[in-house]
1. Gaussian network model of chain B, Cα springs within a sub-10 Å range: biggest mean-square fluctuation belongs to which of B:115, B:178, B:102?
2. Under the definition of partner shielding as Cβ atoms of other protein chains within 10 Å of a residue Cβ, what is the mean value for peptide B:40-52?
3. On a 0 to 90° scale, report how tilted helix A:89-100 is relative to the longest principal axis of chain A, with both axes built from alpha carbons and the result rounded to the nearest 10.
4. Output the Cα-based Rg and Dmax of the protein assembly as shown in Å, rounding Rg to one decimal and Dmax to a whole number.
5. Using only the alpha-carbon atoms, how far is helix B:94-105 inclined from the longest principal axis of chain B? Give it as 0 to 90 degrees, nearest 10.
6. With an 8 Å cut-off on Cα pairs and a minimum separation of 6 or more residues, tell me the relative contact order of region B:3-208 in percent.
7. Label-point separation (nm) for residue B:38 and residue B:133, each offset 7 Å from Cα along Cα-to-Cβ?
8. Note down the Stokes-Einstein diffusion coefficient of region B:159-212 in µm²/s, whole number, using a Kirkwood radius over alpha carbon pairs, 25 °C, and 0.890 mPa s.
């Protein structure tokens, strides 16, 4: 065998070996525990939110919140506390990084006629009623940043329930603004926001 | 006699009603101010120390009253461009504006922090000595050696690093937008902001962000 042929053969073996290994690293083995509820392509299903395209720092932070039981609404207790019990720092980080790489599809399941009102509240708030604008933290297209979540395209039901849960006192915190924001919203305003965001991309 | 008495009684009753009404109004105003302060702090941080969302929300704590009032008016008068703050400021009466500015003046939380530490030393030199070669005066000359500001000149001490960077980089596009019809004190800063390089802006922003 000529030296060049040997080199090519070796190269082929190396490529064959590294290709699948790299893909395996991106897709953590325990991901199948997540897709049971969140859907095979992580687009969310029923009350389980879409994970695809979510900010990895946010997903990781929420996994910690389930693990530490600070995110404590009834559904989190029933499902996510158990699911996150054995997710330590590294595993949570890898799962969050993996889901962030999957493109998210907008749910588009809110009330269409409420979209304009929701868009106005999202962008400008309602200053006379002391309701703040969402855009200043979540970004002009609801894309989120760092550990502030992407909201665009999440399902209506998830978005509405999340606001409702804060309003009911779950997941309380004095260090970040969402509990206070949710308390300032009427149910009709929360419906409008959730509707708008379900269509946003 | 009877008529006079009933007259007096009526006056007393009216006076009593007026006192109650004024009392109610005052309580309502206090409630309105407290609710508005909570609203401001939702974005600007629970202690008004600033907050970093998608955008940087500036620290309001310890800010000069005259500066805050002037800026809130600048949003509504379109001297300063910011669609969100235009709407926020539009909903504020002059007396509310004064109450808010008076409240934030007396808060003193520690700086939000998070700026690049390696730029602080360079920033301190620029802050205290200016950059004579580029016609940049010492910041301390107007903003004070401790960065606390005075009247319409803002406090810089403890301000969020990304906010100060953006303010200086965008000065000409954001401030003094009213044209010659509504001149703006922000014109004083325009040449200085213009003469600073991005690296110098970052250094100064990092330094003032550490001041208490």
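1. Fluctuation is largest for B:178.
2. Average neighbour count from other chains, rounded to a whole number: 3.
3. The two axes meet at around 80 degrees.
4. When restricted to Cα atoms, the protein assembly as shown yields Rg and Dmax of 27.5, 133 Å.
5. 50 degrees
6. 23 percent.
7. So the label points at residue B:38 and residue B:133 sit 5.5 nm apart.
8. Values: Rh = 11.8 Å.
Translational diffusion coefficient: 208 µm²/s.
Readers should treat all values here as calculations from the given coordinates under stated rules, not as data from a laboratory. Not measured: the values here are computed from a predicted model. Methodologically, a virtual Cβ is constructed for each residue, glycine included, from the backbone with ideal geometry; neighbour enumeration extends over all protein chains shown.
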